[in-house]
Amino acid sequence: MRRRRWPLLSLLAFGYAFLYVPILLLIVYSFNESRLVTVWSGFSIKWYRELLHNQQLLEAAWLSVRIAAVNATLAVVLGTLAANALVRHGRFRGRNAFELLLTAPLVMPDVIIGLSMLLLFVAMQHGLGWPDGRGFTTIAIAHITFSTAYVAVVVRTRLAQMDASLEEAAMDLGARPLTVYLRITLPLIAPALLSGWLLAFTLSLDDLVIASFVSGPGSTTLPMVVYSSVRMGVSPQINALATLIVAVVTLAVIIAGVTSLHGPRAARRRR
Amino acid sequence: MPAPQDNPPVRRQRLSRVVNIGLPYLWLGVFFLLPLLIVLQISVAEPRLGQPPYTPLWEWLESGVLQIQVNLQNFMLVWEDSIYLIAFLNSLWVALVCTLLCLLIGYPMAYAIATAPQRWRIPLLMLVILPFWTSFLIRVYAWIGILKTNGLLNHLLLALGVIDTPLNILHTQTAVYVGVVYSYLPFMILPLYANLSRLDPTLLEAAADLGCRPLRAFVRVTLPLSLAGIVAGSMLVFIPVVGEFVIPDLLGGPETLMVGKLLWTEFFGNKDWPLAAALAIVLLGLLVVPFVLMQRLERRMEETS
């Protein structure tokens with residue numbers, strides 16, 4: 001049996017190479033002295049220095065981070081409520097439509113979401129006088145709408161797998177449903193809330209198309225700046241930015257991995 | 001949770017319903033469903049100069065008469081001008097080819113991960129998800145440096161003596177295939193893994209005991225049982241790729257017509273909002289069929305599990 005596994009394993013290795021070689025090349029060439037991708041002319045960190053002096057890019061990054069944080073927080077609230085509804089409230093009236101509304105944003109092409117949101121904001125501004133212009137708020141609302149669907153998937157899975165006996169015990173001891181939810185359920189699903197938050201944060205930070213539709217003058221997000229400089233051709237500053245993003249993500253994943261491995265064990269030991 | 005029949009808990013239960021079901025419903029209704037209805041409305045408007053740049057659907061005339069204007073010209077244009085028809089067909093074609101390629105690469109990977117020793121599965125799966133957490137835009141951009149005429153791939157192939165003249169890959173449909181498969185591969189692997197890792201290994205053992213060869217057992221047992229994962233992964237790739245904008249824009253060329261890019265150009269370039277809305281409506285109509293298929297499958301899987 002063991003002999004038969006090597007074709008499969010080589011396919012797996014090929015798949016991982018396909019996924020990682022482009023990223024590794026970006027990282028390597030971010031330290032290249034030359035502006036050209038194909039000519040290696042020596043080690044340099046000058047593109048990082050230029051990146052850190054690129055005022056337009058830094059401002060856009062700060063705006064993107066703030067939008068992503070607001071988006072992630074509100075999407076976790078809405079997504080968790082939606083997951084509660086699906087897991088705890090059984091076959092309520094309109095459940096099919098509810099599930100449809102929660103699944104559609106996952107696969108809906110960005111251009112449709114972006115265009116439809118913009119047309120809504122224009123119609124609302126015309127009819128209600130709000131929102132006054134477009135920018136931070138409109139981008140955040142658009143992002144919350146699709147992020148909620150992703151958070152709901154993550155939280156729903158965790159909620160459905162959760163051991164109900166702790167909640168039942170608390171209820172038998174006379175705790176009110178809200179107390180049970182806040183003191184038992186939420187701490188138990190906290191890892192899912194955290195990964196939902198991080199997922200929503202990343203999705204928002206990554207979005208070019210929807211933000212381009214619903215942003216206004218003066219609210220340029222990071223992907224919009226990256227896009228306009230990428231359209232001009234290969235830019236070593238973008239390589240440097242990519243390297244920083246990969247570094248942050250890898251670090252976050254390692255920290256998450258270490259805490260999830262050692263967290264429960266350490267807690268058990270303390271007890 | 002059985003609801004006791006005395007009053008206060010019932011009221012609390014009702015409040016919990018209102019909050020848990022009502023709030024997300026309201027949000028998605030206002031910010032997801034309503035916008036799609038507005039797109040439908042504006043797709044039958046006429047473009048005009050001014051703010052907003054389209055004619056209203058209804059207007060109260062001074063005589064107190066309600067005037068409703070429905071203009072189907074945008075849809076006629078989409079139907080008659082071959083550029084749109086070609087773009088729609090090509091988008092479907094690109095999505096189909098890429099879905100099959102993702103399946104071809106993703107299925108063996110998901111299978112290898114699902115059959116790996118238990119302690120390796122989560123790290124291997126994390127390695128599939130990790131690129132997804134880095135910027136999508138930057139991952140597409142990475143391929144520009146690899147695929148362009150004086151890029152890394154051509155240098156490598158020239159140095160190895162595989163080719164004599166550099167290949168023109170960037171700004172062709174091939175580059176779009178590469179970019180799409182690269183970006184969407186995790187969406188194929190994850191549902192497939194979820195499905196394959198739940199497969200009961202005793203079924204394969206039973207097949208082997210009855211003298212079935214491994215390949216035949218795979219075709220007769222594993223493949224049919226993983227059909228749900230195949231369909232789910234394929235839909236997660238196919239549906240968004242039909243409307244993809246970034247990849248055809250950065251990696252494709254003038255001949256790679258796709259709806260997402262065309263819609264973007266109509267909106268941002270030509271400022272023709274009603275035509276962009278009409279394109280969105282047609283695109284939505286095309287995607288309803290695979291979407292409903294996916295929904296029904298998910299519900300069936302939920303009921304069986």
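How many residues are open to solvent by 50 Å² or more (accessible area, probe 1.4 Å), within 11 Å of chain A (Cβ to nearest Cβ), over 26 Å from B:R139 (Cα atoms) and not hydroxyl-bearing (S, T, Y) when one looks only at region B:247-305? Here the count works out to 7.
Table: residues versus (1) modelled with pLDDT of 95 or more; (2) more than 9 Å from every other protein chain (Cβ to nearest Cβ); (3) assigned to a helix (DSSP H, G or I); (4) open to solvent by less than 10 Å² (accessible area, probe 1.4 Å).
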residue	(1), (2), (3), (4)
A:W62	yes, yes, yes, no
A:T73	yes, yes, yes, no
A:V76	yes, yes, yes, no
A:A82	yes, no, yes, yes
A:V87	no, yes, yes, no
A:A97	no, no, yes, no
A:T103	no, no, yes, no
A:L106	no, no, yes, no
A:V111	yes, no, yes, yes
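So which residues in region B:74-100 are aliphatic (A, V, I, L, M), in contact with a Ser or Thr (Cβ under 9 Å, 6 or more places away or on another chain) and within 14 Å of chain A (Cβ to nearest Cβ), if there are any at all? Scanning region B:74-100 gives a single hit, B:V94. When residues in region A:173-214 are screened for being on the phi > 0 side of the Ramachandran plot and in contact with a Lys or Arg (Cβ under 7 Å, 6 or more places away or on another chain), 0 of them pass.
Name the residue, out of B:A87, B:A45, that is farther than 30 Å from B:T222 by Cα, modelled with pLDDT of 80 or more, out of contact with any Asp or Glu (no Cβ under 6 Å at 6 or more places or on another chain) and not in a helix (DSSP H, G or I).
Values: B:A87 fails: not in a helix (DSSP H, G or I).
The unique qualifying residue is B:A45.
Looking at (1) free of Cβ contacts under 8 Å to residues at least 12 places away in the same chain; (2) more than 27 Å from A:V21 (Cα to Cα), which is the one condition that is false for B:I146? That leaves (2) as the condition not met. Residue-level check: of (1) open to solvent by less than 20 Å² (accessible area, probe 1.4 Å); (2) part of a helix (DSSP H, G or I), A:G216 misses just (2).
Yes/no matrix, rows are residues, columns are (1) open to solvent by 40 Å² or more (accessible area, probe 1.4 Å); (2) at the interface with another protein chain (Cβ under 7 Å from one of its Cβ atoms); (3) at pLDDT below 90:
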{"site": "B:C102", "(1), (2), (3)": "no, no, no"}
{"site": "B:A112", "(1), (2), (3)": "no, yes, no"}
{"site": "B:Q118", "(1), (2), (3)": "yes, no, yes"}
{"site": "B:I122", "(1), (2), (3)": "yes, no, yes"}
{"site": "B:W143", "(1), (2), (3)": "no, yes, no"}
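Is it fair to say B:D209 is more than 10 Å from chain A (Cβ to nearest Cβ), open to solvent by 10 Å² or more (accessible area, probe 1.4 Å), charged (D, E, K, R) and farther than 30 Å from B:Q41 by Cβ? So B:D209 passes the test.
Among the candidates B:L103, B:L185, single out the residue that is within 23 Å of A:I210 (Cα to Cα), within 26 Å of the chain's Cα centre (by Cα) and assigned to a helix (DSSP H, G or I). Don't jump to the end; show me each part of the working.
Details: B:L103 fails: within 23 Å of A:I210 (Cα to Cα).
Just a single option satisfies the conditions, and that option is B:L185.
Would it be correct to say that B:L215 is more than 8 Å from every other protein chain (Cβ to nearest Cβ), aliphatic (A, V, I, L, M) and in contact (Cβ under 8 Å) with a residue 40 or more places away in the chain? Step through it out loud before you land on a result.
Numbers: more than 8 Å from every other protein chain (Cβ to nearest Cβ): yes; aliphatic (A, V, I, L, M): yes; in contact (Cβ under 8 Å) with a residue 40 or more places away in the chain: no.
No.
Check region B:68-81 and report whether any residue there is among the β-branched types (V, I, T) and closer than 24 Å to A:I113 by Cβ.
Residues of region B:68-81 among the β-branched types (V, I, T): B:68, B:70, B:78.
Subsequent filtering for residues that are closer than 24 Å to A:I113 by Cβ retains B:78.
The answer is yes, given that some residue of region B:68-81 is among the β-branched types (V, I, T) and closer than 24 Å to A:I113 by Cβ.
Within region A:210-246, restricting attention to residues that are more than 7 Å from chain B (Cβ to nearest Cβ) and among the β-branched types (V, I, T), which residue is nearest to A:L119 (Cα to Cα)? Ranking the candidates gives A:V214 first.
For region B:4-34, give me each residue that is modelled with pLDDT under 75 and either surrounded by 11 or more Cβ atoms within 10 Å (Cβ to Cβ) or in contact with a Phe, Trp or Tyr (Cβ under 6 Å, 6 or more places away or on another chain) (or both). Hits for region B:4-34 are B:P9, B:V10, B:R12.
Per-residue answers, yes or no, for (1) within 21 Å of the chain's Cα centre (by Cα); (2) farther than 21 Å from B:L196 by Cα; (3) aromatic (F, W, Y):
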| site | (1), (2), (3) |
| --- | --- |
| B:L85 | yes, yes, no |
| B:F88 | yes, yes, yes |
| B:P117 | no, no, no |
| B:S135 | yes, yes, no |
| B:I138 | yes, yes, no |
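Note on region B:129-141: among residues that are part of a helix (DSSP H, G or I) and within 7 Å of chain A (Cβ to nearest Cβ), the one that is surrounded by the most Cβ atoms within 10 Å (Cβ to Cβ) is B:Y141.
May I ask you to list the residues in region B:246-264 that are outside any helix (DSSP H, G or I) and either over 13 Å from B:V94 (Cβ atoms) or of a type in the set (G, A, S) (or both)? Walk me through it before giving the result.
Step one: of region B:246-264, the residues outside any helix (DSSP H, G or I) are B:252-258.
Answer for region B:246-264, where residues must be outside any helix (DSSP H, G or I) and either over 13 Å from B:V94 (Cβ atoms) or of a type in the set (G, A, S) (or both): B:G252, B:G253, B:P254.
For region A:126-140, the criterion of being in a helix (DSSP H, G or I), facing another protein chain (nearest Cβ under 8 Å) and open to solvent by 10 Å² or more (accessible area, probe 1.4 Å) is met by at least one residue.
Taking the condition among the hydroxyl-bearing types (S, T, Y), out of contact with any Cys (no Cβ under 8 Å at 6 or more places or on another chain) and touching a residue at least 40 places away in the same chain (Cβ under 8 Å), does B:S43 pass? Explain how you work it out, then say what you get.
Values: among the hydroxyl-bearing types (S, T, Y): yes; out of contact with any Cys (no Cβ under 8 Å at 6 or more places or on another chain): yes; touching a residue at least 40 places away in the same chain (Cβ under 8 Å): yes.
When the stated conditions are applied, B:S43 passes them.
Among A:V151, A:V180, which is the only one that is among the hydrophobic types (A, V, I, L, M, F, W, C) and within 18 Å of the chain's Cα centre (by Cα)? Give the steps one after another, and end with the answer.
Working: A:V180 fails: within 18 Å of the chain's Cα centre (by Cα).
Testing whether each residue is among the hydrophobic types (A, V, I, L, M, F, W, C) and within 18 Å of the chain's Cα centre (by Cα) leaves just A:V151.
Within region B:67-115, the set of residues being without any contact (Cβ under 8 Å) to a residue 12 or more places away in the chain, farther than 30 Å from B:P201 by Cα and either aromatic (F, W, Y) or touching a Gly at 6+ places or on another chain (Cβ under 8 Å) (or both) comprises B:W79, B:W93. Tell me yes or no: at least one residue of region A:201-208 is touching a residue at least 40 places away in the same chain (Cβ under 8 Å) and closer than 15 Å to A:L58 by Cα. Yes: one or more hits.
The values are calculated or read from the model by the stated rules, or taken from the named source; none is laboratory data. Values in this document were obtained by computation on a predicted structure and should not be read as measured data. No Cβ is skipped: glycine too gets one built from the backbone with ideal geometry, and neighbour counts run over all protein chains shown. Ligands, DNA and RNA are excluded from the accessible area calculation, which covers all protein heavy atoms including side chains. Shrake-Rupley method; radii C 1.70, N 1.55, O 1.52, S 1.80 Å.
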